[in-house]
Amino acid sequence: MDETTRMERLRALPSIDELLARPTVSSLLSTHSRQLGVTALREAVASVRQRILAGEDVRFDERDVVTALARLSGPKLKRVINATGVVLHTNLGRAPLAPHAITRLAHLAGGYSNLELDLDEGERGSRYAPVVELLCQLTGAEDAMVVNNCAAAVLLAFGALAKGKEAIVSRGELVEIGGGFRIPEVMQQSGATLVEVGTTNRTRIDDYARAITPQTGLIAKIHRSNFAIVGFTEEAHPRELGALGRARQVPVFVDAGSGLLRALHAEGIPSEPTMASIVASGVDLVGFSCDKLLGGPQAGVLVGRKAVLEQLKRHPLNRALRIDKLTVAALEATLELYRDEREDELPVRAALQLTREQLDARAHKLSNLLLGVPHRIAHGEGRVGGGSMPLAAPPSTAIALKGDAVSLHERLRTAEPPVLARIVDDEVWLDVRCVADTELEALAQAVSGAT
Ligand SMILES: *Cc1c(COP(=O)(O)O)cnc(C)c1O
């Protein structure tokens, strides 16, 4: 485009007042506030101006207003398609909820509830009362409470049990969980003094025993969720720690992380201890996340001995870490699925337990919807994600797309609905493990539009 044409295109750009006077434009804006409408017009004109300045031969088009309106008025938090194959993706909201939990949320969200009211007694009750019995049944613990996430559970445990005292932790477990959540810093924040024992790869029960002093407030064991130490290793079993704690009258806390409530039977995924097995080992307190392997809403559970939980419940921090009614509702419904042995309806467990044959069948379904899009079916290894099971390598079946991977990956991310894929050896892979069968059509459409 030569300079004269460029100046002409720029001069031809309409003013906002001109646009507002056009009947076609005012009808486009009619369902929005005037302020949002004017912002959309400014944005639409500015984007055309930028493209002209960048050398494109374009004119103002009212369809640009439609695009700007959609961007400005649409939600910023959107449903996306997870084609990364990572089941617990922290950036993608971790666990999707089960239909049973969604129905419960829909029922409760628009009305009042007995959130802090005991309907039998007519007295004030605790907000997590609805899930205490379920959590005790499912873990074998005496008592339970729920806070905002597992990070909050750890903060509360250290704050309530070890403030102004010493907390003993193995050197091999002074971990960073992700998002800058580092166990040594949390302990410092809670007012506890860290006492490190053992070495990076080996910590024995005697190391803990020798470190106990009259100042000891807590023995803590942190599950290595997001990394593994292999080779010449040794660690104290929760059973040994529980026995030591009882003998020396020091409470023992296990931060178990992922919250596996019932064993998984999944290809390529080694088993982890269940929460019930950790409680049964005789420790006083166990903390875990609800939106990792448990498959529920974001929350952190603390289960254990009644006397210990009483101390945590009375702590002033507890009020600041409390969960809201939607979390209680979704968590109660999620736990009911375990109680009723329907836990395989949870999307996280269903996704993790897919067999290679089931993955292949889903990939073929998607492949059939991608007529005219150059692709092949590819096989590889996936990840569990969410800082869980770092050594697990579940089988991965994907549609590998032909074309420039980086730009295709970006176009998919900005598609409607947005599609998050993974790049493997300069190819975009659409891993089908976390794509629901009901999402295949929408995924195929987004891919067709982006290729
Ligand atoms: C994930 C994890 C946490 C943090 O849990 P959030 O629910 O994300 O706050 C803490 N400890 C361990 C061992 C974990 O795996």
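The values are calculated or read from the model by the stated rules, or taken from the named source; none is laboratory data. Everything numeric in this text was worked out from a predicted model, so none of it was measured. Because the Cβ atoms are built from the backbone with ideal geometry, glycine has one as well, and the counts that use them run over all protein chains shown. In case anyone asks, the SASA skips ligands and DNA or RNA and just uses the protein heavy atoms, side chains included. Shrake-Rupley method; radii C 1.70, N 1.55, O 1.52, S 1.80 Å.
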Can you tell me the order of 291-301, 153-163 when each peptide is scored by its average per-residue count of other Cβ atoms within 10 angstrom, highest first? 291-301, 153-163
Ranking request for peptides 172-178, 302-308: highest mean number of other beta-carbon atoms within 10 Å first, then the rest in descending order. 302-308, 172-178
Just tell me which lysines come within less than 29 Å, Cα to Cα, of K402; anything on the same chain fewer than 8 places away is out. K78, K365
Skipping prolines and chain starts, which residues have an amide H placed within reach, meaning under 5 Å, of the one on T216, given they are 5 or more residues away or on another chain? E166
What figure, in Å² to the nearest 10, do you get for the accessible area of I102 with a 1.4 Å probe and non-protein molecules left out? 90 Å²
Positive dipole terminus of the stretch 34-165, leading residue within A83, A101, G140 (C-beta point charges): A83
By the C-alpha gyration tensor axes a ≥ b ≥ c (rounded if a/c is under 1.5, else prolate when a/b exceeds b/c, else oblate), the shape of the stretch 411-451 is oblate
Could you tell me which of rounded, prolate or oblate describes the stretch 241-318, using a ≥ b ≥ c as the square roots of the eigenvalues of the alpha-carbon gyration tensor, with rounded for a/c under 1.5 and, failing that, prolate when a/b is larger than b/c and oblate otherwise? oblate
To the nearest 20 debye, what charge dipole does the chain have about its Cα centre, counting +1 at the Cβ of each Lys and Arg and -1 at the Cβ of each Asp and Glu? 740 debye
Quick check: the distance between the Cα centres of the stretch 235-270 and the stretch 308-339, to the nearest angstrom? 21 Å
Which residues does the label zone of Q189 cover in the stretch 137-155, counting backbone N under 20 Å from a point 7 Å along Cα→Cβ? 146-155
C-alpha long axis of helix 440-450 to longest principal axis of the chain, angle in °: 50 degrees
Compute the separation of the alpha-carbon centres of the stretch 29-86 and the stretch 1-19 and state it in Å as a whole number. 19 Å
Packing-based order for 344-354, 372-382, 76-86, using average beta carbon neighbours within 10 Å, highest first: 344-354, 76-86, 372-382
Candidate aspartates and glutamates for bridging to K313, where Cα separation is under 17 Å - those fewer than 8 sequence places away on the same chain excluded: E116, E133, E142, D143, D284, D324
As I understand it, the value is the acute angle between the Cα axis of helix 150-162 and the longest principal axis of the Cα atoms of the chain; what does it come to in degrees, rounded to 10? 30 degrees
Between K402 and A280, the FRET efficiency computed from the C-beta separation at R0 = 45 Å comes out, to the nearest 0.05, as 0.30
Rounded to the nearest 10, the angle in degrees between the Cα long axis of helix 356-369 and the longest principal axis of the Cα atoms of the chain comes to 10 degrees
Pseudo-spin-label distance Q445 to E123, built 7 Å along Cα→Cβ, given in nm, is 5.5 nm
Can you give the FRET efficiency to the nearest 0.05 for T213 and L317, using r as the Cβ-Cβ distance and R₀ = 25 Å? 0.45
Using a ≥ b ≥ c from the Cα gyration tensor of the stretch 190-339 (square roots of the eigenvalues), is it rounded, prolate or oblate, where a/c under 1.5 gives rounded and otherwise the larger of a/b and b/c decides, a/b for prolate? oblate
Pseudo-spin-label distance R239 to M1, built 7 Å along Cα→Cβ, given in nm, is 7.5 nm
